[in-house]
Amino acid sequence: MSSSKYTLSSQELQTLSSKAIAAKAMAYCPYSKFRVGACVLTQSGEYIVGANVENAAYPVGTCAERVAFGTAVVAGHHDFKAVAVATDSKPPASPCGMCRQFINEFTTPSFPVYMYDSEGNYAMKTMRELLPDSFGPRDFPAERVPSS
């Protein structure tokens with residue numbers, strides 16, 4: 001079930017996808033060679049990109065989705081419309097488990113995640129589909145959730 005809050009125009013979807021696909025070129029992935037680009041669209045209409053950044057100490061690397069959302073949050077954004085993730089794989093790859101939980105922190109179960117493959121084809125799933133039975137800030141009493 002889709003929420004009108006998350007309905008994208010064809011122009012928004014085109015821009016979101018092209019920015020996520022272009023962000024792959026900024027990936028720093030000398031170890032895995034697995035480029036990932038991401039673009040998050042804020043409710044205010046801003047597009048914020050991220051790319052994966054690896055490190056020789058593997059757990060220290062950062063995924064493209066977390067770079068994009070982290071950059072958006074630091075810039076003051078807390079209300080998002082959609083995210084696109086692009087890889088060189090086929091079929092489209094979904095965000096990893098850590099990124100699913102990270103995205104869940106700032107979205108709702110009906111939030112759309114667009115996943116693009118190496119040829120520009122995509123699949124869309126909601127956060128509910130990607131992370132069923134999840135928990136996040138909405139599951140804690142208001143006094144425990146930090147204000148933004």
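Computed from the alpha carbon atoms alone, the convex hull of the range 1-62 holds 108 Å³ per residue.
Mean residue ellipticity at 222 nm from the helices of the chain, using -39,500 (n - 2.57) per DSSP H segment of n ≥ 4 over the full residue count, to the nearest 500 deg cm²/dmol?
-7000 deg cm²/dmol
Against the empirical 2.2 N^0.38 Å (N residues), the range 10-130 has a Cα radius of gyration ratio of 0.96. Considering only 69, 41, 121, the residue lying farthest towards the positive end of the dipole of the chain is 121, judged by Cα position with unit charges set on Cβ. Protein heavy-atom accessible surface, 1.4 Å probe, per residue over the chain: 53 Å².
The values are calculated or read from the model by the stated rules, or taken from the named source; none is laboratory data. Owing to the predicted nature of the structure, the values given are computational and were not obtained by experimental measurement. Cβ atoms come from the backbone with ideal geometry, glycine included; neighbour counts cover every protein chain shown. The protein model used for the area step is the full one, side chains on, heavy atoms only, and it has no ligands, DNA or RNA in it. Shrake-Rupley method; radii C 1.70, N 1.55, O 1.52, S 1.80 Å.
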